[in-house]
Protein chains: 4
Amino acid sequence: MIEVGPNSYGKSAIRLVKVDRDQAPHRVRDLTIAIALAGDFATSYSEGDNSAVIATDTMKNTAYALAGEHLTGSIEGYGLVLGRHFLAAGREVDLVKVSIDAHAWRPIDSAPDAFTRDASETRKADVSVSRDGFLVEAGIADLVVMKTTRSAFAGFPRDRFTTLPETDDRIMATKVTASWGYARDAELDFDAVFDRVRSTFLGAFADHDSASVQHSIWVIARAILEAHPEVDDVTMSLPNLHHWTVDLSPYGIANDREIYVATKEPHGLIEATIRRADIGSVERPGTS
Amino acid sequence: MIEVGPNSYGKSAIRLVKVDRDQAPHRVRDLTIAIALAGDFATSYSEGDNSAVIATDTMKNTAYALAGEHLTGSIEGYGLVLGRHFLAAGREVDLVKVSIDAHAWRPIDSAPDAFTRDASETRKADVSVSRDGFLVEAGIADLVVMKTTRSAFAGFPRDRFTTLPETDDRIMATKVTASWGYARDAELDFDAVFDRVRSTFLGAFADHDSASVQHSIWVIARAILEAHPEVDDVTMSLPNLHHWTVDLSPYGIANDREIYVATKEPHGLIEATIRRADIGSVERPGTS
Amino acid sequence: MIEVGPNSYGKSAIRLVKVDRDQAPHRVRDLTIAIALAGDFATSYSEGDNSAVIATDTMKNTAYALAGEHLTGSIEGYGLVLGRHFLAAGREVDLVKVSIDAHAWRPIDSAPDAFTRDASETRKADVSVSRDGFLVEAGIADLVVMKTTRSAFAGFPRDRFTTLPETDDRIMATKVTASWGYARDAELDFDAVFDRVRSTFLGAFADHDSASVQHSIWVIARAILEAHPEVDDVTMSLPNLHHWTVDLSPYGIANDREIYVATKEPHGLIEATIRRADIGSVERPGTS
Amino acid sequence: MIEVGPNSYGKSAIRLVKVDRDQAPHRVRDLTIAIALAGDFATSYSEGDNSAVIATDTMKNTAYALAGEHLTGSIEGYGLVLGRHFLAAGREVDLVKVSIDAHAWRPIDSAPDAFTRDASETRKADVSVSRDGFLVEAGIADLVVMKTTRSAFAGFPRDRFTTLPETDDRIMATKVTASWGYARDAELDFDAVFDRVRSTFLGAFADHDSASVQHSIWVIARAILEAHPEVDDVTMSLPNLHHWTVDLSPYGIANDREIYVATKEPHGLIEATIRRADIGSVERPGTS
């Protein structure tokens, strides 16, 4: 017997720009949206029966059509509107996931109508809406950060394949992918909380002494959880973008942690969720 | 109370090329390897205690060091060697995941020592090794395929945001990411089975009439499961790379499914696992 | 006094797919087209006068509109049609450059209507049409090739910053960007000549002993020029994708040119044109 | 007779990070460097004679070795040091081109040792040094800018393939690649001039009414040339990243320039040099 297991379908890479010219500077929202539905769609696979399959083209149209009226506050709020729309659109739908990347534009000086795109960071919102409730996760992607001191890596086990020296002062650099889940409050001021969590993130990154990337994840996530009761858990995926001290001794030149080669391949990759222990059993909507 | 939840760490993007010159043509293996460990590493986060943290640099060294002796057969076999090595390397390690991408090189005509890289497809192996056993998943990535007839999409629900016309003859194109899990037999001839499953995949893709991407996933996966008892389940992630018929009527030119614009954004995305119903309860090693 | 110097404008990344279903297997053409015009457009800059500025949107429309009737033979031939069209479209136009990338699709077995995309290589055609004549350059891009023996690099000068050892047996790998210009014969069988030049390219790459990437460029280009009188010159841009032998001696393991690390950064880059000396003075259409 | 035509060789993608910890915040320089040599290297091609071929590996080593002492001011200044070094390194060298991309890092608040990478813009310097002199070009890449009003495109010719409506109010967005050449003064304060030119660039972009991308190039370049006598010419390559108003009328929704779809393919591409007429005859070092 062959059966359909976990599945979802939807539209990705919907590129939507909304310009509000009734303020100065104009407000530019630049989003990349993905929408995915899960539910009772087994016969669309096994029978080729499309009678319940909301076209992904319709999903795209809907994102544009609802943006005028509903993309007025946070991206989390707009994601909830889209999620609820598609949950209501078909009784076979059990779960709607809406993922929104927001690309920031900064006004040029005092111009009302000219902007540069801030490519240093992407704000993310992942909204899941099911018949039982909803979940909102906010996050940051594409943000590259560096510590030029106060980063160590020592005390690790050595075997016959270990050649890495211990160090108490290395460069630590990483491209941050971080997300955090909010307690279920649809009335949260998502924009304000995002700014506060982001600020805690950067402050903790800057302030701590790092014993390892793992340790940094803990310190930063704990700071967020301690400062922001709205946050249930923090997940990070941090590549360790190695900067190696260049050996200049063949040329008779000293190099006391001054000249480095930046590398992309290979890279360490550290991933963890840090959470409140007492909410570990909260069930999240899923495709199971 | 704040605690460490699910976590893993390791090395990614290890680029390894092995050349065996004792045959004609030479055998070139070109791999991108990722290794990740999970287990009892909570104090490496919360205490900055690295005493159990096998350095990711050591993981890289080990991949190179073991390749001479152990990268002699399938990438699945080499992945199992690496997985078992790291499981034995530290008692805190509960699970080792080894992911290997194999990039193919084709000899130029009858030359023994000159090759072109086949960029059309990546062969993948994901090996998980735990104290309880192991799991091997093989797969294909980066393979772009197209059906120029026998692909339809009709009978879908229409609401006020639906503008897509029904069609009984569209182009279907997708970039395949597919994987399949093997029953737990470490002695499987992984190379031979891979070739057979791949052949079934392409044959089923070419032969069937598609009612939707969902339907195509079912047809292809069912063909694989029916033909290959070694395979437990098949998972696919298929972006729908839309090709739209160009409206040439403003210029007085007919276009009967001849001239298309190929697009990347936005794209549909269909993901599903198709599996044997009777093995649905097999437990897989995980990080839970 | 400020003036407009060299300039051009046009449309890039026009993605066009044409399917001819009147043969088995179907013929799939998959092109990425760029069109650029140069000429007497100074006032479009200095005065904002668009009266001569053929809209780039119109260029895109034209590429689709003419494909049915005119994209029937080689991409070079289609490029000439587009070039002549735009040269005739406005008297301010002095030069039209049409660049076409062709992406190949291979039938799956004997299927008439199912294909895999061959991503290993892009065929290119650059066509320049002016009031004085035209120039056609054909080429290859994205083709990655490797020699596993018969590649050396020795005898180079050493100064105090030189640490690279001499080698008489290294891996040479590169991602080929090559183009060659044809004598001005619009009736050339561009498809047949392309296949022959490509075959000479690969054969020469496979057969020669390389003293350096520079030397390889010469050997391959000379072979093309000697075998193909239609070709005036050959230009290559070859990154040297270094493969470094891994030092396994710290682990007591020998590595006699067997295990390599493949790298992307940094890379050598060798660029040269090899040409017939007696045609060096042929003038080419340009923007001067 | 077959001969070697224009050629060059060198090392690209040299990734160098220098950290100066003697100030607060630390000064982080993050560069990607390419070095290319041209000159009397014909026999390295035709004879495989490497006796004059400074190894590209040596070029890389030299960039790291000289950074401690010489990467102390502007990247233009460091480029001149590298250029002169390689011009002196071999008598066959006629021309050295050094291209440097500088990636900016911003301190996190008042931290002395923690930074975020500013990915919104790359500062570029291209330095050419020959036996006859030198040329310095500075520039900007990767900067995405948008005008939300005061951009028009009308008055263009219409033929049977023209469907684009005229508009007096569109979004104009582009990813800037701009460079400008300096009069030959090696003692210029390159950092200060760069900042001033960049400021003029952004100010002119924000302030002007655009009749087309061509017109915008003129207005911005003229503003730079008028304000900065150090600058001889300005070259821009501007893709027109089209934002199309979404037609929401099928859903009974008005869309008065509020909701747009952002696209990448196809895109317009406008390239031009704007220059002082009276210096048009200055010869530049080249490979001819």
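Just so it is clear, none of the values below were taken in a lab; they were calculated from the coordinates. Note that the coordinates shown come from a computational prediction; the quantities given were computed from them, not determined experimentally. Because the Cβ atoms are built from the backbone with ideal geometry, glycine has one as well, and the counts that use them run over all protein chains shown.
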In nm, the gap between the two label points placed 7 Å beyond Cα toward Cβ at A:ASP132 and C:ASP209 is 7.3
What's the FRET efficiency of A:ALA186 with D:GLU69 using the Cβ-Cβ distance as r and R₀ = 45 Å, to the nearest 0.05? 0.15
In whole Hz, what ³J(HN,Hα) sequence does the range B:80-94 give by Karplus (6.51, -1.76, 1.60; θ = phi - 60°), x for Gly and Pro? 5, 4, 5, x, 5, 4, 6, 5, 7, 6, x, 6, 6, 7, 9
For chain B, the longest principal axis of the Cα atoms and the Cα long axis of helix B:190-207 enclose an angle in degrees, to the nearest 10, of 10
If you average the sequence gap of Cα pairs under 8 Å that are 6 or more apart and divide by the length of the range D:1-131, what percent do you get for the contact order? 26
Distances in nm from D:ARG91 to the matching label points in the other copies, shortest first (labels 7 Å along Cα to Cβ): 5.9, 7.2, 9.2
Most mobile listed residue (D:ARG21, D:ARG29, D:ARG123) in chain D, GNM with C-alpha springs under 10 Å: D:ARG21
What nm value, rounded to one decimal, do you get for the distance between A:ALA24 and A:ARG84 when each label is placed 7 Å out toward the C-beta? 3.6
Evaluate the charge dipole of the range B:1-131 about its Cα centre and quote only its size in Debye, nearest 20, assuming +1 on the Cβ of each Lys and Arg and -1 on the Cβ of each Asp and Glu. 300
Calculated log₁₀ intensity ratio I(q)/I(0) where the Debye formula runs over C-alpha points of the range A:7-131, q = 0.15, 0.16, 0.19 Å⁻¹: -0.70, -0.78, -1.00
Within 15 Å, Cβ to Cβ, of C:ALA89, how many net charges do the neighbouring residues add up to if Lys/Arg are +1 and Asp/Glu are -1? +3
Above-threshold pairs, the threshold being 24 Å between Cα atoms, out of B:LYS147/B:LYS175; D:LYS97/D:LYS147; A:LYS175/B:LYS97; B:LYS18/D:LYS97: D:LYS97/D:LYS147; B:LYS18/D:LYS97
With a 10 Å cut-off between alpha carbons and a GNM built on chain D, which of D:THR56, D:THR122, D:THR148 moves the most? D:THR148
Relative to the Cα centre, what is the charge dipole magnitude of chain B, using +1 at the beta carbon of each Lys and Arg, -1 at the beta carbon of each Asp and Glu, and rounding to the nearest 20 debye? 380
Pull up the cross-link candidates among the aspartates and glutamates for B:LYS11, meaning alpha carbon to alpha carbon under 12 Å and not fewer than 8 places away within one chain. A:GLU265, A:GLU271, B:ASP57
Can you give me the relative contact order of chain D as a percent, contacts being Cα pairs under 8 Å and 6 or more apart? 14
With a sphere of radius 12 Å drawn around the Cβ of A:ARG150, what net charge do the other residues whose Cβ falls strictly inside it have (Lys, Arg +1; Asp, Glu -1)? -2
Length-normalised contact order for the range B:80-192 - Cα pairs under 8 Å, 6+ apart - percent: 21
If you average the C-alpha positions of the range A:191-246 and of the range A:102-181 separately, how far apart do those two centres end up, in angstrom? 8
Quote the FRET efficiency, to the nearest 0.05, computed for A:ASP169 versus B:HIS228 with a Förster distance R0 of 56 Å and r equal to the Cβ-Cβ distance. 0.55
Sites B:LYS264 and A:ARG91, calculated FRET efficiency, Cβ-Cβ separation with R0 41 Å, nearest 0.05: 0.80
What are the ³J(HN,Hα) couplings of the range B:165-176, residue after residue, when phi is run through the Karplus curve with 6.51, -1.76, 1.60 and θ = phi - 60°? Round to Hz, x for glycine and proline. x, 6, 9, 10, 7, 10, 7, 10, 9, 7, 9, 6
Lys/Arg +1, Asp/Glu -1 at C-beta; the range A:7-131 dipole; positive extreme among A:SER110, A:LEU31, A:THR43: A:SER110
Rounded to the nearest 500, the 222 nm mean residue ellipticity computed for the protein assembly as shown from DSSP H runs (n ≥ 4, each -39500 (n - 2.57)) alone is -7500 deg cm²/dmol
Give the dimensionless ratio obtained when the Cα radius of gyration of the range C:151-288 is divided by 2.2 N^0.38 Å. 1.32
To test your reading of the geometry: what angle, between 0 and 90 degrees and rounded to tens, separates the Cα axis of helix D:56-70 from the longest principal axis of chain D? 90
Which of B:ILE259, B:ILE75, B:ILE35 moves the most in a Gaussian network model of chain B with Cα springs under 10 Å? B:ILE259
